[in-house]
Amino acid sequence: MKNKFFAMFDYFLILVVLTLVTLGILFIYSSSVNSEGISVTNEHIKQFIWASIGLFFMIILTVYDFRKLESISKYLYIGLIALLIYTIFFGRLVNGAKSWIGIGDFGIQPSEFGKVFFILFLAHYLNDSKNELPIKRFIKSILILCVPMGLILIQPDLGTASVYLPIFIVMCFIAGVPSKYLIILISFGLSTILFAVLPVWNTEIAEKPLVIISILTNFKLRAILIFATFIIALIGIIIRRYFHGPNYINWLTTAFFIISLSLIFSLILAKVLKDYQIKRLIIFMNPNVDPRGAGWNIIQSKIAIGAGGIFGKGYLRGTQSHYRFLPQQSTDFIFSILSEEFGFLGCCLVFLLFLFIFIRTIIIIRNSTSTYGAYIASGILGMFAFHFFVNVGMVMGMMPITGIPLSFLSYGGSSLLTSMSCIGLLMSINYRRKEIR
């Protein structure tokens with residue numbers, strides 16, 4: 001019995017995770033040290049406590065049979081929706097978003113934990129709907145996505161809400177949802193964001209504002225454009241259905257429908273997000289437009305990364321963080337501190353550790369005899385990959401600033417507990433890979 005218990009754990013995966021968590025605590029402490037060498041916060045102590053709790057969660061979920069979660073996943077999902085609604089009305093306002101609930105200094109972010117509940121329920125639905133028509137299965141899956149994602153956008157927390165989309169796409173892809181549906185969804189999402197940010201880009205970022213983009217700022221002109229694209233799409237349907245037009249008409253029809261819907265939903269997104277939030281998203285295109293405002297974060301982060309060189313300045317010897325030039329330096333920009341103090345080689349170490357987690361997760365997906373387990377693991381892969389690429393791209397000035405933390409390293413109890421719980425689920429799936437039930 002004892003040998004069976006210890007056989008449940010993937011010790012190399014645990015070592016990689018604990019290495020990342022340890023690096024996170026070390027650099028959270030570094031971020032707390034000021035120019036006089038004095039630690040001004042106790043965030044590293046809190047992170048150590050959260051890591052200890054996270055380790056406990058990871059062990060419990062490894063030992064627990066993940067398949068038993070399928071029967072309660074619906075209730076977890078309903079609980080998530082209730083928590084998100086409660087947060088909208090009674091949550092704590094932090095960084096412009098009402099996304100936290102708690103008492104005093106203790107708080108949790110339901111949308112972070114919600115990723116796990118969302119993965120469990122979507123995996124259950126995809127596993128239970130294999131025989132449904134592909135389009136029906138996809139539409140129902142979209143509804144499962146839209147409820148929590150919409151509630152998080154209302155907070156408004158675009159960064160956390162955006163994580164749900166890659167989770168959804170990877171899970172649907174693994175579940176065999178036709179690729180054309182996923183391409184349409186991705187196109188719609190990107191178009192909606194594009195139409196929402198273009199007016200702000202035109203007035204705040206572009207060196208030479210484009211007159212054509214003024215169509216998006218004029219309600220009447222936008223309404224005419226929506227009507228025109230919808231009519232063109234409708235004509236395409238008629239041509240294809242009644243006159244048996246060529247196949248490319250289908251794609252043109254779909255494209256105009258996407259444009260029409262994106263123009264409508266971009267209005268809603270622009271109302272939810274304030275202009276300064278949208279500007280923060282697109283300032284990476286030219287941070288020097290507002291070097292002391294929205295562009296400050298990216299400029300200082302790039303300075304910190306560049307200053308690290310190959311070998312770094314040495315632990316606790318960084319200047320950008322100790323002189324408090326980096327905002328949100330223990331959370332969103334923790335990688336900048338690591339880059340400055342450990343240099344390029346330190347960055348490569350972090351990259352290799354995350355690469356191992358990605359490869360290990362892919363192997364677990366391939367080896368799992370439980371489709372439910374494979375769907376859960378694919379959702380976790382989508383979550384980890386999105387957090388990594390967006391956060392690292394963000395601090396390098398290659399991606400929008402979305403407030404997405406770097407898994408295992410960034411300060412935050414909700415994020416750390418979620419990440420370590422997911423590792424526990426992966427090990428539970430891996431251990432039971434040969435059991436069919």
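The values are calculated or read from the model by the stated rules, or taken from the named source; none is laboratory data. Remember, it's a predicted structure, so these values are computed and weren't measured experimentally. FYI the Cβ positions are ideal-geometry reconstructions off the backbone, even for glycines, and counts take in every protein chain you see. Accessible surface areas use protein heavy atoms only, side chains included; no ligands, DNA or RNA. Shrake-Rupley method; radii C 1.70, N 1.55, O 1.52, S 1.80 Å.
Structure summary
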read-out: Residue list for the range 386-401, restricted to those being under 9 Å from the mean Cα position of the chain (by Cα) and either over 24 Å from L26 (Cβ atoms) or outside any helix (DSSP H, G or I) (or both); value: F386
read-out: Hey, L234 more than 29 Å from the chain's Cα centre (by Cα) and under 26 Å from C146 (Cβ atoms) or not; value: yes
read-out: Tally, over the range 402-436, of residues that are in contact with a helix residue (DSSP H, G or I) (Cβ under 6 Å, 6 or more places away or on another chain) and either open to solvent by 10 Å² or more (accessible area, probe 1.4 Å) or over 24 Å from G308 (Cβ atoms) (or both); value: 22
read-out: Filtered residue count, the range 91-107, keeping only those that are modelled with pLDDT under 75 and open to solvent by 60 Å² or more (accessible area, probe 1.4 Å); value: 4
read-out: Any pair with Cβ under 6 angstrom, 6 or more apart, that starts in the range 394-411 at a residue that is at negative phi and polar (S, T, N, Q) and ends at one that is open to solvent by 20 Å² or more (accessible area, probe 1.4 Å) and at pLDDT below 95; value: S410/T331
read-out: C146 vs. criteria open to solvent by less than 20 Å² (accessible area, probe 1.4 Å), within 17 Å of the chain's Cα centre (by Cα) and over 29 Å from Y411 (Cβ atoms); value: no
read-out: Selection status of I231, surrounded by fewer than 13 Cβ atoms within 10 Å (Cβ to Cβ), at pLDDT 90 or above and more than 30 Å from I376 (Cβ to Cβ); value: yes
read-out: Filter result (open to solvent by 80 Å² or more (accessible area, probe 1.4 Å) and not basic (K, R)) within the range 58-81; value: I60, Y64, S71, Y75, I78
read-out: Filter result for I264 (in contact with a Ser or Thr (Cβ under 6 Å, 6 or more places away or on another chain), over 15 Å from I184 (Cα atoms), assigned to a helix (DSSP H, G or I) and β-branched (V, I, T)); value: no
read-out: Any chance N250 is open to solvent by 40 Å² or more (accessible area, probe 1.4 Å), modelled with pLDDT under 80, more than 22 Å from L158 (Cα to Cα) and part of a helix (DSSP H, G or I); value: no
read-out: Residue that is farthest from the chain's Cα centre (by Cα) [pool: residues in the range 350-361 that are surrounded by fewer than 15 Cβ atoms within 10 Å (Cβ to Cβ) and under 22 Å from I337 (Cβ atoms)]; value: L352
read-out: Filter result for the condition that a residue is of a type in the set (S, T, Y), modelled with pLDDT under 95 and open to solvent by less than 40 Å² (accessible area, probe 1.4 Å), over S187, S129; value: S129
read-out: Residue among I135, I142, I81, I167 that is modelled with pLDDT of 90 or more, more than 30 Å from K274 (Cβ to Cβ) and aliphatic (A, V, I, L, M); value: I135
read-out: Complete set of residues in the range 161-184 that are of a type in the set (S, T, N, Q) and either open to solvent by 40 Å² or more (accessible area, probe 1.4 Å) or touching a Gly at 6+ places or on another chain (Cβ under 8 Å) (or both); value: S179
read-out: Lone unmet requirement of (1) of a type in the set (A, V, I, L, M); (2) open to solvent by 50 Å² or more (accessible area, probe 1.4 Å); (3) under 26 Å from the mean Cα position of the chain (by Cα) for I224; value: (3)
read-out: Hits in the range 304-329 (condition: open to solvent by 10 Å² or more (accessible area, probe 1.4 Å), small (G, A, S) and assigned to a loop (DSSP other than H, G, I, E, B)); value: G309, G312, G314
read-out: Qualifying strands (runs of 3 or more DSSP E) (wholly inside the range 1-114; at least 2 residues being of a type in the set (V, I, T) and over 15 Å from T331 (Cβ atoms)); value: 97-103
read-out: Answer from I238, I213 - the residue that is β-branched (V, I, T) and either surrounded by 14 or more Cβ atoms within 10 Å (Cβ to Cβ) or part of a loop (DSSP other than H, G, I, E, B) (or both); value: I213
read-out: In the range 267-301, residue surrounded by the fewest Cβ atoms within 10 Å (Cβ to Cβ) [restricted to those that are assigned to a helix (DSSP H, G or I) and charged (D, E, K, R)]; value: K271
read-out: The one condition in (1) open to solvent by 50 Å² or more (accessible area, probe 1.4 Å); (2) in a helix (DSSP H, G or I) that L122 fails to fulfil; value: (1)
read-out: Pick from the range 1-57, criterion without any contact (Cβ under 8 Å) to a residue 12 or more places away in the chain and in contact with a strand residue (DSSP E or B) (Cβ under 8 Å, 6 or more places away or on another chain), ranking: surrounded by the fewest Cβ atoms within 10 Å (Cβ to Cβ); value: V40
